[in-house]
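Below is one structure, written out as structure tokens, with a few remarks after it.
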Amino acid sequence: MVESSMVGNRKAVPEKRHRFRCAVATLFAASLLAAGCAGGEAEQAAGGAQDPSGHYPVTVDNCGRKVTFDKAPSRVYLGFQSAAELFFGLGLGDRAIAQIKPMDTPLPEQAADFERVADKSPDAYVPVGKEEMFGLRPDMLFAYVNSEYGGPDQLAPGLATVDELGSIGAQVYALVCPDDNPVQTSFTYRAIADLGVIFDVEDRATALIEEMKARVADVQKRVAGREPVPVFYYYGGEGPITTGSRDAFVNEVIGLAGGKNVFGDVGGGRRGFLRVSQEQVAATDPAVFLIGASANSDKDAQAKTDYLHRLFPEMRASKDKRHTLTYDTANTPGWRWVDVVEDLARTLHPDAFTDKPATPPTTTRGSR
């Protein structure tokens, strides 16, 4: 185990009780019968032609498209784990029918949802192919990014496209859009707010957004006025080495935590990843290493930490043994990046958190 492991996330906002409404059903064109009070699932089973709450239809803007929902989706396929965690965090797990295989150990408060919803995908980044997707009969794909629903960025052939999913009545909503560059933390709030509208849980969504923003604001208040600490983000590789540029999601996270990305003045490629030589890294002098490692493997984290200390022994980060971790599901818009902001800020400015002890790292880390 390396020091400064990830801080545990807060529990999801408690689910608000669903209020049942009564509806009047028309039978045989001549007689009317009063229908019993029923929840959303019963309405869908009966055809759900009328929305007694008056909430639907609703339309949200997503990736240049207007996406309309006549009722709350009840058969949702979940994309990359960052999207699934937001969905479960909003208490919507009973509406998911399948998910892309999770790559990191689920958070304790979401473990039951991840266990219940079947893993239907070849790996942690690619959904099932078109025919299998059609067989699942989804009415919504909540994707992380467009590589999960066809198009030029797709990671595998034969994936169902937006139009093809639409032909079976499935709407597509993506957490990150094709033209979103750089990827920003605010995309989390955008997706939560839209899910609140789509599933008629706006109060729950607003409360979650406010909680996340309050945690970030607390960090910002603590590090305000302090000298930003130089940070080297290590994603992997031994030559060239992959890091994050000013266009990387992690660059914003480092800034929010009171740090300064040592490659933050350099533009990067798609999604901000930058490949640099060992000599270019050696020319910087970071005080802290932010290491991208598997949250499921202490060996991976330790190996990467040892590699950096061995390769760059004269750096302040090596001499002072100052490092902390991030990983793929935390290095994206989603449920966990606020944890990284808090944890990194504690590593960069420990004296700013003397009144607020860290949550034990075992709350987010575990084994499969």
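Non-local amide H neighbours of Q171 (under 5 Å, H modeled in plane, Pro and chain starts lacking H): which ones?
The list, which skips near neighbours in sequence, is M140, L141.
Once you sort the root eigenvalues of the Cα gyration tensor of segment 135-258 as a ≥ b ≥ c, which label holds: rounded (a/c under 1.5), prolate (a/b larger than b/c) or oblate (the other case)?
oblate
Would you work out what percent of the accessible area of segment 168-326, with all protein chains in place, is carbon or sulfur (probe 1.4 Å)?
50 percent
Can you tell me the order of 340-347, 310-317, 198-205 when each peptide is scored by its average per-residue count of other Cβ atoms within 10 angstrom, highest first? Intermediate values should be presented prior to the final figure.
Working: 340-347: 25.2, 310-317: 15.1, 198-205: 20.4.
Answer by packing, highest mean first, reads 340-347, 198-205, 310-317.
Roll a 1.4 Å probe over the protein chains and send me the accessible area per residue for segment 135-268 in Å².
39 Å²
Given a cut-off of 22 Å, name the pairs among K299/K321; K101/K130; K213/K304; K71/K101; K221/K304 whose C-alpha atoms lie farther apart than that in the structure shown.
From K299/K321; K101/K130; K213/K304; K71/K101; K221/K304, over 22 Å: K213/K304; K71/K101; K221/K304.
Quick one: accessible area per residue over segment 79-131, 1.4 Å probe, rounded to a whole number of Å²?
Here the per-residue accessible area is 33 Å².
For segment 119-129, just list the computed ³J(HN,Hα) in residue order, Karplus coefficients 6.51, -1.76 and 1.60, θ = phi - 60°, integers in Hz, with x standing in for Gly and Pro.
7, 10, 5, x, 7, 7, 10, 10, x, 5, x
Residue by residue, what Karplus-based ³J(HN,Hα) values in Hz, rounded to whole numbers, does segment 155-163 have, using 6.51, -1.76 and 1.60 with θ = phi - 60° and x for Gly and Pro?
8, 8, x, x, 7, 5, 8, 4, 5
Counting only protein heavy atoms, what percent of the accessible surface of segment 78-121 is carbon or sulfur at a 1.4 Å probe?
Working: 610 of 1260 Å².
Heavy-atom surface of segment 78-121 belonging to carbon and sulfur, 1.4 Å probe: 48 percent.
The values are calculated or read from the model by the stated rules, or taken from the named source; none is laboratory data. Bear in mind that the values here come from a model prediction, so they are computed numbers and not experimental data. For neighbour counting, all protein chains shown are included, and Cβ atoms are generated from backbone atoms with ideal geometry for every residue, glycine included. SASA here: full protein model, heavy atoms, side chains in, ligands and nucleic acids out. Shrake-Rupley method; radii C 1.70, N 1.55, O 1.52, S 1.80 Å.
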